[in-house]
Amino acid sequence: MSNTTASLKHLSGKLCPWLQQPLETLERAHCAERLGHGWLLGGPVGIGKINLALVFANRLLGSQIGKDPPAPLERTDAAAAMRARHTPQDRHADLHWLFPEDGKSSISVDQVRNVIEALERSSYHGHCKVVIIEPVDAMTIAASNALLKTLEEPREDTYLLLVSHQPGRLASTIRSRCQMLALGAPTVATTLKWLGMLETETGAFRYLERSPLRLAELIDQDNIQLINVLEDKFKLVYENKLDPQALADQWLKLDLDFVLEWLARRIQHCIRSRIAAGRSKPVTDARNEPLRNDLPALTLRTLFEQFGATQRLHNQLGTGINVELAMRVLLLGFQPDTERM
């Protein structure tokens, strides 16, 4: 079995342990004939929403609903499978899976129209048809508009599973036509057990504890120290020892979705520690130092502003924004002498 074939087999046949209950929710709805044609699977990046969508689609298409639950997806299989999931490979003829094409960050209207055309044809295997959009957040406005009629008037035995990292930011026209299944991150204990690691092993866990699949990939690629690299360079910008443009250039070569997610979590961590301390500077914590007592020259207001700016940039990836300029402006905001008085 090739690695790409194995990736789809793992992601559609096995399930992250913490997603078993959401799968049961979907299957109960199906058995009770309450399964709507459109489902919005929303939750944080890196918790396995696409794993849930593929497993449920596989069970719908294979008439396995209500049968033995899927085997657990192990960390050692998950990371490689997630990396290879978009590689061209054979899959069920009645599964239509949309995601940004290679080299692009958005889902085009042509992709959506092609799927709509395919849905007009009869099922290849005489059962249902399933459409997965990963993530629905990446659809262009035109693509979203093209999808609306299908959501409003779906063909019989057609199900749309829309994966969303930030469902609250989707157009109300999309949200109102779907049933919502909100997915949360697993508990810290569950994540640590699944990863086979101790929290004290790496500072990465502080920022990615809600993204077990992200951590799994870092571990799998022996790249867990990437968090430390991001941290070290970021502190140099804050200390005016590194030009924000230079760091922006470096970060543009990385996975920006991951970098901005890390940065948002890092700022959020600093804000929470400030508030918890009840003073302008966070309390010293030997275990979390140097992250607890950092950025002392930035006011709490500035931290909130930078958190918002980071999230906005993250949401605008793939929309045509000048990312290089936006990243430089964002990093400039972390230098104390650029603070607005």
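The values are calculated or read from the model by the stated rules, or taken from the named source; none is laboratory data. All values derive from a computational prediction rather than experimental measurement. As a convention, Cβ positions derive from the backbone with ideal geometry for all residues, glycine included, and neighbour counts pool all protein chains shown. The accessibility values were calculated without ligands, DNA or RNA, using every heavy atom of the protein model including side chains. Shrake-Rupley method; radii C 1.70, N 1.55, O 1.52, S 1.80 Å.
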Some residue of the range 161-175 being under 19 Å from Ala53 (Cβ atoms), open to solvent by less than 10 Å² (accessible area, probe 1.4 Å), polar (S, T, N, Q) and modelled with pLDDT of 85 or more
yes
In the range 234-261, residues that are modelled with pLDDT of 85 or more, surrounded by 16 or more Cβ atoms within 10 Å (Cβ to Cβ) and part of a helix (DSSP H, G or I) total 11
Just one listed residue, out of Glu24, Glu33, is open to solvent by 60 Å² or more (accessible area, probe 1.4 Å), more than 18 Å from Leu183 (Cβ to Cβ) and not polar (S, T, N, Q), and it is Glu33
If we keep only residues of the range 88-98 that are more than 22 Å from the chain's Cα centre (by Cα) and open to solvent by 60 Å² or more (accessible area, probe 1.4 Å), then the residue modelled with the lowest pLDDT is Asp90
Selection over the range 313-329 where residues are modelled with pLDDT of 90 or more and within 24 Å of Phe205 (Cα to Cα) yields a count of 1
Checking Arg59, Arg85, Arg113, Arg75 in turn, the sole residue that is more than 26 Å from Glu24 (Cβ to Cβ) and either exposed (fewer than 13 other Cβ atoms within 10 Å of the Cβ) or in contact (Cβ under 8 Å) with a residue 24 or more places away in the chain (or both) turns out to be Arg113
Residues of the range 176-187 being under 18 Å from the mean Cα position of the chain (by Cα) and either among the charged types (D, E, K, R) or outside any strand (DSSP E or B) (or both), in sequence order, are Leu183, Gly184, Ala185, Pro186, Thr187
Residue set Ala297, Ala309; condition under 22 Å from the mean Cα position of the chain (by Cα), hydrophobic (A, V, I, L, M, F, W, C) and open to solvent by 20 Å² or more (accessible area, probe 1.4 Å); output residue Ala309
Filtering the range 25-52 down to residues that are touching a Ser or Thr at 6+ places or on another chain (Cβ under 9 Å), of a type in the set (A, V, I, L, M) and within 18 Å of Leu95 (Cβ to Cβ) yields Leu41
